[in-house]
Amino acid sequence: MQQNLDHINAKLESLTAEVSNLRHDYQGMSKKYVAALEHLKELTFHSAEAAHRSAKAAEQSKDAALNAKIATQEASQNPALWSVIETSVKASTSAALSAIECAGAAAAAAAAAAAAISEHAEESLLKASAEAAKASRMAADSAAEAVKLSNQARDIKDQLTKGLADSLG
C-alpha cells in the first residue's frame, strides 16, 4: 500500500511540475503574443499613415498636372512659346506618372493594413485599415484626374502642332 502511495505521490509531483512548466511557457508565449500584437498595431497605423501621405502626394501631383495644363493652354496662344508648351506637356505627364505611383503606394499601404487586421479584427485596426483604403481610393481618383489633365495638355499641343502644320502646308 505504501508503495502505491509513493508511486501516486511521485506521479502527482511530476504532473504538478509539468503543469507549472506549461503555465510558465504559456505566460512567456502570452507576453510574446501581446508584443507581436502591439507591433502589428503599430505597423497598421504606419501603413494607414503611408496611405494618407501617398494620397496627399497624388493630390499634389494632380494639382501640378492641372497647372501644367493651364500653362500649356496659355502658352498655346503664342506659338513663339513652343518650348514652354513642350515643357508643360512633359511636366503634366510627369505629374500624372507621379500620381499613379502615389496611388500604387497608397494601395500597397492599404493592403498591408488590411492584411494586418485579417488575423486580429480589433476596432482600432479596422478603423486604420478603412482609413487607408479611403486614402488609397482618393489617391487613385487623383491619379485618374492627373492622367486626364495630362492628356488634355497633350491634346492642346497636338492641336497646335496640327494647326501649325496646316497653316504651313
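The values are calculated or read from the model by the stated rules, or taken from the named source; none is laboratory data. Because the structure is predicted, anything quoted here is derived from the model rather than measured. Here the Cβ positions follow ideal geometry from the backbone for every residue, glycine too, while neighbour counts run over all protein chains shown.
Brief remarks follow.
- Matching residues, the stretch 75-85, being surrounded by 14 or more Cβ atoms within 10 Å (Cβ to Cβ) and in a helix (DSSP H, G or I): ALA75, LEU81, TRP82, VAL84, ILE85
- Of the candidates LEU125, LEU160, the single residue that is touching a residue at least 24 places away in the same chain (Cβ under 8 Å), more than 29 Å from the chain's Cα centre (by Cα) and either in a helix (DSSP H, G or I) or under 30 Å from LEU40 (Cα atoms) (or both) is LEU160.
- Sole exception among (1) at pLDDT 85 or above; (2) of a type in the set (Lys, Arg); (3) under 30 Å from LEU126 (Cβ atoms) for LYS41, by number: (1)
- For VAL89, the requirement of being among the β-branched types (Val, Ile, Thr), touching a residue at least 24 places away in the same chain (Cβ under 8 Å) and either assigned to a helix (DSSP H, G or I) or closer than 30 Å to THR161 by Cα (or both) is met.
- Some residue of the stretch 46-68 being more than 25 Å from the chain's Cα centre (by Cα), surrounded by fewer than 17 Cβ atoms within 10 Å (Cβ to Cβ) and either of a type in the set (Lys, Arg) or assigned to a helix (DSSP H, G or I) (or both): yes
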